[in-house]
Every structure is written in C-alpha cells, then in structure tokens.
1. What residue, among those in the stretch 222-254 that are in contact with a Phe, Trp or Tyr (Cβ under 6 Å, 6 or more places away or on another chain) and within 22 Å of S143 (Cβ to Cβ), is modelled with the highest pLDDT?
2. Only one of (1) of a type in the set (F, W, Y); (2) modelled with pLDDT under 90; (3) under 15 Å from the mean Cα position of the chain (by Cα) fails for F219. Which number is that?
3. Is it fair to say T89 is among the polar types (S, T, N, Q) and either crowded, with 19+ Cβ neighbours inside 10 Å or without any contact (Cβ under 8 Å) to a residue 60 or more places away in the chain (or both)?
4. Give the number of residues within the stretch 87-101 that are assigned to a helix (DSSP H, G or I), at pLDDT 90 or above and under 22 Å from the mean Cα position of the chain (by Cα).
5. Quick check: anything in the stretch 387-396 at pLDDT 75 or above and in a helix (DSSP H, G or I)?
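The values are calculated or read from the model by the stated rules, or taken from the named source; none is laboratory data. Because the structure is a prediction, the values reported are computed rather than measured. Cβ coordinates were reconstructed from backbone atoms using ideal geometry, including for glycine residues, and neighbour counts include every protein chain displayed.
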Amino acid sequence: MNMKKKQKTQYKSFVLYENLPYEMVFNKETHFLTMKDGKEEIRESFTVGDTIIKPYPPESDLIKNKVVLFPSETMAYGTEKQLVEDIRTFIHKYLEISPFFERLAPFYVLFTWLYDHFKELPYLRAIGDYGCGKSRFLKVVGSISYKPMFTIGATTTAPIFRIINQFRGTLVLDEADLRFSDTNVEIIKILNNGFQEGMPILRCADSAQDYDIKAYNVFCPKIIATRNRFADKALESRFLIEYMDGGLTRDDIPLNLDDEFDKEALEIRNKCLMWRLLNYGDVKKENIIIDRSIQPRLNQIISPLGAIIKDEEVKNELIIFIKEYSKELITDQGMSFEAPILETIINLMNENDGDITMKSISERYNNECLVKGDKELSARKIGSIVRDKFRFKTTKTRDGYIILKDSYVKNIDRLCGRYGTDREHVNIVNVTEGSNKEFKQELKELGYKDLPSF
C-alpha cells in the first residue's frame, strides 16, 4: 500500500525559483511577485519536493503591527538617476541631516535592496545624544530600505536573532532600547558577525528539553543609532556615520510622521522593488569601485554601493562623495595625538640633512606641542611610537637611536595620507591649554576611552 508523504508548509518572504526572484508583497493579502519577460507574475505558493512554500500570512503580528515593512506592488521609477533623486527628496522632506549624508543615504538605501549579492557590507549609523533626531533618522531611512525590521521595543536580543534569521531584511536598531550590559554584548556579536556572509551566531535551542545548537544567520544591512562610539575599532570601521547634534535649522520638516509619510514611504519601497527585480542577477562584480586614494577599509565597505549602480553619472557622483567622506575621516585621524609627533618629524627632516634622533624629536615636541600640565614625552616613548605606530625603522648610533632615511621615504606618503598631513608645508602650531581641554572633552563625549595621558 502506497503511503502518500505528508506535505510540510514553510513560510518565506523571498523565494528564488527557476532563477527568478519572487518577493513577498503585502496589500491586505500577501503573495509572491516577480518580473518575467517584462511582465508581473504573481504566485500564491511554490511546491518544492514535499514542502509547500507560502508567503507569511497577513494576520502575522510582525506584518499586521508593521514591525517588518513590505512593498505592496511594483511601481515604475523612470531612470536610475530619477530613483536616486526620489529617495533623496523623500529623505530631505522628513529629515534634517548634513548635505553630504543626505546625498550618501540614497545609495545605501538602494544597496539594501540588492545586498544579498555580496559577501560583505557596510552599516549606516547616527550618533548623538537624546533628542537630537536619531529616532527620526532610523524611521525615515529605515522605512524605505529593503524589508526594514524595526526592533524598537525589544527588551532582549532573542527576537532580534529570530527576526533577522527569518526575514533577511534591513535591521533598524536603536541602542537606547538596549539598557542592559549583557544585551549590549549580544548586539556587539550581531554587529561583528553580521557584516560578512557565512558567520552565523551559535545559540542553544529555546526548549529546555532540546539540546540542539541553532545557527542564526545575522548577515544583513543594519541602520542603527547610538550615543557613543564603540570601543572596538575594527567594528567602528564598518560604519558610515552621521553625527547629529539636534540643532534644527529648517522649519519645513513635519514634527510628526502621519499617514502621508507612510504612503510616500510605501511608494518608494514599490519603486525599489521594481528596481530590485529588474536588476537582480545583473550585478557585475567587476564594476566594484577600487580607488587607491580612498583608505583601504573605507574602500572595502563602500565598494558594494558602487557595484549596484549602472548609471555612470550616478556612479561618478557616488565616487565624489566617498572621496569627501574619506577626507573627513582623515581629518578626524589627524586630530589624534600622533599627528603632531609626525609633523615634528617632518619638520626636522625638512630642516636637517643629518640624522634625526629620538632625543631631538622629543625636545622639539615637548617645546612646541606640549600643553602645560601634560607629561613630557621621553625619547624612549617617542621611539616606541616611531616604531610601533609609524613603522619607521631605527638604528642605534653613538648619539642615540635615529630614523633610517630609507624607511622614512618609504612610509612618509602613507602616513601623511593617514593623518592628513602635508609633508612639504608643515608648521607646528602651539596648542593652547583651553583648546586642548575642549578637544579632549569632545573626544570623551564621542565615546573615546583611550585618550592620551601625556
């Protein structure tokens, strides 16, 4: 007697079937939708072996309560340039951010709609204190990203693990909701593992009687808001950051987000869905931007954004803005305590034909750069920075340790690029005690913990 296998039901929001991407849409009811031969094709389900794959039901709490947002249909967007401009206009209408970031954010939004073509991705972040607009940032940019998953209100990380693993959309996270240190540790794991494909997080199964280990896939775009920087510098380098101070200068931004906002956000999602379906499978990895003038880590995290853009004019605009962002990062790094030491070395090299000793660097730095009350730098401390931070090679002479000129020539251009220093025209400017204290206070407010003590 033949026993018919019982079919299982599996719920998904995306299905790749016969090389076509089927996305779940929600308009009172849910179904799958794709573009085939220039026309929309709708499917209610798929049968794969003994499994029936269906879209999530509309009565699902996560859908009904708008925890995860979906498109309702496809909508024509014109050209790629017009789509970028529509996204930019939407962001400008409801959110006040820096002009640079206002032009960068649309590229990130578009990237989220094709992120599953890549092995690594960047994150987007707003930094600022309470009441400075971070929540509005999350709502506006998040609402038009790919399947935004709003985790506001989550008291533990358990639902965050599940929602990412389940929907594979864009995580929208406000650090202010995560008030406990153990929760923050879990979030750090999600951020550290979630920028690269193939790095799941292992957790014990929920049931006390189930001893299986479950692997949660946390790879997805993430838009987050924090009050401070993270101590982990490697993690920090994964973010494209907007600093928000809450100082609104525009009076045309709505104080509240009403039904009109929801309607406009849905239209953007519908246009982006059309863009995703038309471009899915047509992302050419050889189009990834490689620009040697941009810092290597920034180049690495920004490359996927350039790879999704076909329009050369739009791509060139992205390159211009990324170079500007790179300059801002270099300026930030140039304010570190190592920069004036490098400038001191360059000045001495420009002024002298002879050898530059650690003692001469120490004396010049302590006389011209040191702030009253700070500890002087010894020649030994200078030597440590020269070797460990700058990677200059040194050798011992009867006058003391000196920098080998070949090593200086080999490394100086790289270091000038890193610290934003002009090797030909460096002048050490005495820093006042007041400005130094203000700068240190600013670093503390931004979350830096390893401030120089000398």
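1. K222
2. The failed condition is (2).
3. Here the answer is yes, as T89 does meet what is asked.
4. 7
5. yes
Yes/no matrix, rows are residues, columns are (1) closer than 19 Å to N65 by Cα; (2) touching a residue at least 12 places away in the same chain (Cβ under 8 Å); (3) in the same structural domain as V25 (by TED's automatic domain parsing); (4) surrounded by 21 or more Cβ atoms within 10 Å (Cβ to Cβ):
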| position | (1), (2), (3), (4) |
| --- | --- |
| L110 | no, yes, no, yes |
| E120 | no, yes, no, no |
| A126 | no, yes, no, yes |
| S135 | yes, yes, no, no |
| I152 | yes, yes, no, no |
| P159 | yes, no, no, no |
